[in-house]
Amino acid sequence: METAIVSKSIQERFPDAIVETKPEWICLKKEIFTPVLQFLKTGHLAFINLHCITAVDRQGSVEVVYHLYSFEHKWMLTIKVILLDSDLTIDSLTSLWSAANWLEREVFDLFGVKFTGHPDLRRILNPDTWSEHPLRKDFKRDGFIPRPVR
Amino acid sequence: MAVNERIPGSEYLEKFPGGEVILAKSQDVFNWAKGASLWPLTFGLACCAIEMMTTGASHFDIDRFGSGVFRASPRQCDVMIIAGTICVKMQDSIKRLYDQMPEPKYVIAMGNCAISGGIFYHDSYSVVKGAEAVGIPVDVYVAGCPPRPENLLNGIIKLQEKIRSTKARVT
């Protein structure tokens with residue numbers, strides 16, 4: 001299996017869902033991304049396992065990264081969705097995978113991405129009293145010492 | 001009285017004629033007993049705790065120094081070996097355990113993390129920069145990442161030396 005094959009079958013079903021396809025990943029549009037993931041899970045590709053959710057701060061935008069695994073095809077797919085800093089909200093996948101619950105809480109904790117429709121969106125690792133999100137590049141806090149630039 | 005003048009608080013000793021020598025020596029005896037039965041708190045935070053367990057096992061045998069009695073309650077402990085990385089969410093528990101220990105109490109900061117944050121000094125949002133940053137006074141620093149068991153035993157010997165050289169407190 002290859003990413004291009006997955007990309008093609010997404011394109012047949014949702015003609016304008018894909019922003020970009022690379023051998024390593026597929027970048028999807030934020031607005032239409034939930035139906036596409038529903039299709040990936042329940043369709044013939046059978047990505048029934050949500051392996052991981054994480055994010056990358058690109059300073060100006062945040063990429064939310066989803067790793068899906070298909071036991072049938074023994075293959076892992078990486079999905080990216082780009083969110084602008086001005087609107088860090090994305091649909092929650094808890095209705096599709098219950099595993100998404102804690103994974104999305106972790107991404108919210110570390111990056112501040114708001115997952116709309118999440119049943120219990122609060123911090124999972126850091127103290128509840130914090131208001132910052134530690135893996136953002138502009139993170140600052142008392143006692144946090146950045147590595148000096150050489 | 002020429003001898004007594006060299007001893008701090010000799011005016012206090014004068015109230016007990018003939019007893020001053022015994023009083024001074026009993027303090028030394030107490031210090032020796034204190035140093036030879038340092039009971040540590042069963043308490044590990046990270047990989048240094050594995051090294052501390054090794055020190056407690058038969059090959060290195062911390063019992064030779066009277067420190068093998070790891071107690072599960074802070075009420076029965078003399079020394080707190082801070083073995084490992086102190087995280088932000090752990091620091092309140094550590095401070096509370098230290099406060100619950102009865103006097104006299106001593107602290108060994110084992111490993112670079114407990115000394116200064118170690119490799120987590122820069123760019124870490126979750127690690128406190130050493131035991132002193134939590135507000136726990138440290139008696140002996142044992143450097144290493146993690147320190148060898150011999151190094152921890154050396155730290156215990158240093159603490160014993162410190163206790164034995166403690167002067168009698170005269171009020």
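Any residue in the stretch A:80-92 that is loosely packed, with under 13 Cβ neighbours inside 10 Å and either modelled with pLDDT of 95 or more or within 25 Å of A:I10 (Cα to Cα) (or both)?
yes
Does A:V65 fit the bill of being closer than 23 Å to A:F14 by Cα and either in contact with a strand residue (DSSP E or B) (Cβ under 6 Å, 6 or more places away or on another chain) or surrounded by 15 or more Cβ atoms within 10 Å (Cβ to Cβ) (or both)? Before you say what the answer is, go through the steps one by one.
Values: closer than 23 Å to A:F14 by Cα: yes; either in contact with a strand residue (DSSP E or B) (Cβ under 6 Å, 6 or more places away or on another chain) or surrounded by 15 or more Cβ atoms within 10 Å (Cβ to Cβ) (or both): yes.
Answer is yes for this residue.
If I ask for residues that are surrounded by 14 or more Cβ atoms within 10 Å (Cβ to Cβ) and closer than 21 Å to A:L83 by Cα, which ones from the stretch A:1-31 would you list?
Selection gives A:S7, A:I10, A:F14, A:A17, A:I18, A:T21, A:W25, A:I26, A:C27, A:L28, A:K29, A:K30.
Could you run through the stretch B:112-168 and say how many residues are small (G, A, S), away from chain A (no Cβ under 14 Å), touching a helix residue (DSSP H, G or I) at 6+ places or on another chain (Cβ under 6 Å) and not in a helix (DSSP H, G or I)?
Result for the stretch B:112-168: 2.
Report, by residue number, each residue of the stretch B:69-125 that is surrounded by fewer than 17 Cβ atoms within 10 Å (Cβ to Cβ), among the acidic types (D, E) and under 18 Å from the mean Cα position of the chain (by Cα).
Result: B:D99, B:E103.
If you take the residues of the stretch B:85-111 that are in a loop (DSSP other than H, G, I, E, B) and of a type in the set (K, R), which of them is farthest from the other protein chains (Cβ to nearest Cβ)?
B:K105
Is one or more of the residues making up the stretch B:39-47 modelled with pLDDT of 55 or more, assigned to a helix (DSSP H, G or I) and closer than 30 Å to B:V127 by Cβ?
Checked against the condition, which is being modelled with pLDDT of 55 or more, assigned to a helix (DSSP H, G or I) and closer than 30 Å to B:V127 by Cβ, the stretch B:39-47 yields at least one hit.
The values are calculated or read from the model by the stated rules, or taken from the named source; none is laboratory data. Just so it is clear, the model here is predicted, and its values are computed rather than measured. Here Cβ is always computed from backbone atoms with ideal geometry, including for glycine, and neighbour counts include all displayed protein chains.
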